[in-house]
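Engineer: Below: one structure in structure tokens.
Just so it is clear, none of the values below were taken in a lab; they were calculated from the coordinates. Computed from a predicted model, the values in this text were never measured in an experiment. A quick note on method: Cβ atoms are made from the backbone with ideal geometry, for glycine too, and the neighbour counts reach across all protein chains shown.
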Amino acid sequence: MSIKTIKEAYIFIGLFSLLLIGCNSKDTSYAALELPLNQLEENYKIHLLEAVKWLDSIETSDNIKDVKAYNMKARDAFKWAEPVLSYVDSENYKSLNQPNILKIEEEDLTDIKIKEPYGFQVLEESIYEEVPNLESIKKNARLISKRILLISNSTQLDYIKDYHVIWMIRDQVVRIALTGITGFDSPVLERSL
Amino acid sequence: MKKLILFTALSSMFFVSCDKDVATTEEALQDANLLAKKSNSVVLANHSITPNFLKLKPGFKNLDVYTLLSSEDVLEQSPNFVYGSMADGAGLIKNENGTFTLINNIEADYSIARITLDNTFKPVHGEYILNAEATASTAQCSGSLNTPEIHGFGPLYFSGGEWGGASKGVFAVDPFKDASMASSATMLTSMGQWSTENAVTMHKNAFPGQTVVLIGDDTSDNAIPSGQLAMYVGTQGDLWNGDLYGLKVTSAGINYEVDMTEGQTYDVQFVEYEERTLDELEAESRAKGIMGFSRVEDIDWRKGSADNNREFFFAVTGRKRNALLGKGTFYGRIYHVVLDENNPTSGTITCVLDGDKLDGKAKEFHSPDNVVVTENYVYIQEDPNGYPDTPEKNHYAQLYEYNINSKNLKTVLECDQDMAASLGYGPTNNAWEITGMIDISDELAIDRTFLLITQNHGWIPNDGSSFTDPTANPSPDSNEGSMMYVVKGLKR
């Protein structure tokens, strides 16, 4: 079992524990009921900001070996935030974890938009190219960093109910099982599991 | 001070008219405006090097149109500023020193600009207060300015995050924020995730003690109309802890928007949402029977009395797909909602203009998009979606005037892309959009004065580069230019 798998197991256990705390505290005070949700939000933001920190380190680094290390740390932090992020901001999650192919949005016949891909998969592919383009890598890292910062600044989980947490756990179990086994979202390193 | 002069003048006119029993209210207003004009430093004039490409229709030839700013202009105090690609929603503030601050969404550069105009209303400086980094490259579509005098909080500018970068929701921006902080943004998560066209706060007199914000969901769907009209209700000034609702038509037999016929009034309830996230709000809307429209665009409320302030109009731009036949509008509609006096979550809805009625009064409609509502008129701006299926719909983007009282519809003007193309300003096969229109009569103290914007699709710099300011977006996704006008003479 890899370190990654252990970490994902911890996410599962952690979220499940939060769920149990939430469910068991029905008869306690309002303040106690609030606690697990606050913890969830706090932990979520810590992981987001951790990802921002390592992405910003990529931006200030000129050494591809360091860039590779920072990328792994940033992606790990992103993966820790994944269960919550993929639920509370699914569009941004899909953007940050999109495959390295053009995205086409057709609003109507006179309005077809073609968007360049970006995100962690694009970053990974660009870092492990035979001749990596540091400028392009840094630009992508900065875009991801700013996007995650906006998400962190715009997080408000007070509407989250118990069933939302169950959905998060369910989806994360499925995600680990599917993308983990196939290496789906780690195109070069296949470091999904 | 100017308002005081205007008020005094108006009062004087009132007494004069009572004494002499000759002057009508309108004459008194005109005289008062003349008096105000004498002390008004604003001088409406052409300030852009780009020609005027708005062609006035019969009945509106008396309008005065001035070019204010375009993407090829250089502003004297900020020569590097570029008025960017696909300008959209806007809000104007009159400053204490007599100058003006215009906040303007630059949709396709995923940013928001702040333009300063001197006391004559000439643009002199521009900068970006929200850039593509801050918005995560999410298009900023329509926008609205909140002020303490009108909305009970602010000044705070709302902007709709719609497409592109996936941060879909309501952005809130301090209009006077330091431009060096352009990379940082705030989103009002309490108002939910939508493909947000606009968020518009109703007048504080509409529901005293409450802040009611209307949100338009511009979601495109090829099978089921999926754009909702949402409403946030909080205590006055509270933008974080209120409740979120969606418009449901409760009259029997109305399952899809096209089940509503033009001119008929139906009951509505705003049903509370539990969810706040994009997909879940859509699922909850369908489960609860909250109406899905074929792309809700801009919204505006009626000016004047508190009763008026509880009325609002919104545009549905339409979408043409076989699977949407009998469900969503193809060519666009305008709806009129009247809310109950004591309860913002209850009221009635009427489709007042239906572009799908090919022999109806809105038969020329080809994708109405933005609206501005005065006391007696709705001005409707088009963004043609590219299917001019009848001769009446075969035109460039038009501006319409809808009289709320008489229910008449007139065409005010049309983008003259033939002339533009002949002068090298873009092609004729890519229809422009008219948008961003706001009533600036009060700020300028000049009656019947409006600001209007065109997105000049296909117009790019002669050297093939981009009309995008690098401080807004260093990696442009769109190179097209925009243009802003002042239109004087439209009735309010």
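Engineer: Set the Förster radius R0 to 25 Å, insert the Cβ-Cβ distance between B:Ser39 and B:Asn62 as r into 1/(1 + (r/R0)^6), and round the FRET efficiency to 0.05.
Structural biologist: FRET efficiency, B:Ser39 to B:Asn62: 0.50.
Engineer: Can you give the FRET efficiency for B:Phe176 and A:Ile181, using 1/(1 + (r/R0)^6), R0 = 51 Å, r = Cβ-Cβ distance, to the nearest 0.05?
Structural biologist: Efficiency for this residue pair is about 0.45.
Engineer: Which value, in debye to the nearest 20, describes the size of the charge dipole of the protein assembly as shown about its Cα centre when Lys and Arg Cβ atoms bear +1, Asp and Glu Cβ atoms bear -1, and nothing else is charged?
Structural biologist: Its charge dipole is roughly 280 debye.
Engineer: May I pose another question? Could you line up B:Ile438, B:Ile460, A:Ile166 from fewest to most neighbouring Cβ atoms inside 10 Å?
Structural biologist: A:Ile166, B:Ile460, B:Ile438
Engineer: Post the alpha-carbon centroid distance, the stretch B:78-136 to the stretch B:153-195, in whole angstrom.
Structural biologist: What the calculation gives is 15 Å, centre to centre.
Engineer: Counting other C-beta atoms within 10 Å, which of B:Arg492, B:Arg333 has the fewest, and how do the rest follow?
Structural biologist: By the 10 Å Cβ count, ascending, the order reads B:Arg492, B:Arg333.
Engineer: On to the next question. In debye, nearest 20, what is the charge dipole magnitude of chain B about its Cα centre with +1 on Lys and Arg Cβ and -1 on Asp and Glu Cβ, if you could check?
Structural biologist: With Lys and Arg at +1 and Asp and Glu at -1, about 960 debye.
Engineer: If neighbour count is taken as other Cβ atoms inside 10 Å, put B:Asp217, B:Asp439, B:Asp418, A:Asp162 in order from fewest to most.
Structural biologist: So the ranking, lowest neighbour count to highest, is B:Asp418, A:Asp162, B:Asp439, B:Asp217.
Engineer: Same structure again: With r defined as the distance between the Cβ atoms of A:Asp62 and B:His125 and R0 fixed at 45 Å, what FRET efficiency is calculated, to the nearest 0.05?
Structural biologist: 0.75
Engineer: Also, quick follow-up: Decide, for the stretch B:109-221, between rounded, prolate and oblate: order the square roots of the alpha carbon gyration tensor eigenvalues as a ≥ b ≥ c, take rounded if a/c falls under 1.5, and otherwise choose prolate if a/b is larger than b/c, else oblate.
Structural biologist: oblate
Engineer: Apply the a/c threshold of 1.5 to the C-alpha gyration tensor of the stretch B:427-492 and tell me whether it is rounded, prolate or oblate.
Structural biologist: Here the stretch B:427-492 falls in the prolate category.
Engineer: A follow-up question, please. Based only on Cα atoms, what Rg/Rh ratio does the stretch B:273-401 have, Rh being taken as Kirkwood's radius?
Structural biologist: Here Rg/Rh amounts to 1.00.
Engineer: Additional query: So what does log10 I(q)/I(0) come out to for the protein assembly as shown at q = 0.05, 0.08 Å⁻¹, using the Debye formula with one equal point on every Cα and no solvent?
Structural biologist: The Debye formula, applied to the Cα set alone, gives -0.25, -0.63.
Engineer: Taking a spot 7 Å from the Cα of B:Ser305 along the direction of its beta carbon, which residues of the stretch B:396-416 have an amide N less than 15 Å from it?
Structural biologist: Answer for the stretch B:396-416: B:405.
Engineer: Quickly estimate the mean residue ellipticity at 222 nm for chain B, helices only: each DSSP H run with n ≥ 4 gives -39500 (n - 2.57), and the total goes over all residues, rounded to 500.
Structural biologist: -3500 deg cm²/dmol
Engineer: A 20 angstrom limit on the alpha carbon distance is what I want to check against. Which of B:Lys248/B:Lys361; B:Lys248/B:Lys327; A:Lys65/A:Lys138; B:Lys57/B:Lys393 exceed it?
Structural biologist: Exceeds cut-off: B:Lys248/B:Lys361.
Engineer: From the Cα gyration tensor of the stretch A:124-193, with a ≥ b ≥ c the square roots of its eigenvalues, which class applies: rounded if a/c is under 1.5, or else prolate if a/b is larger than b/c, or else oblate?
Structural biologist: Note, shape of the stretch A:124-193 comes out oblate.
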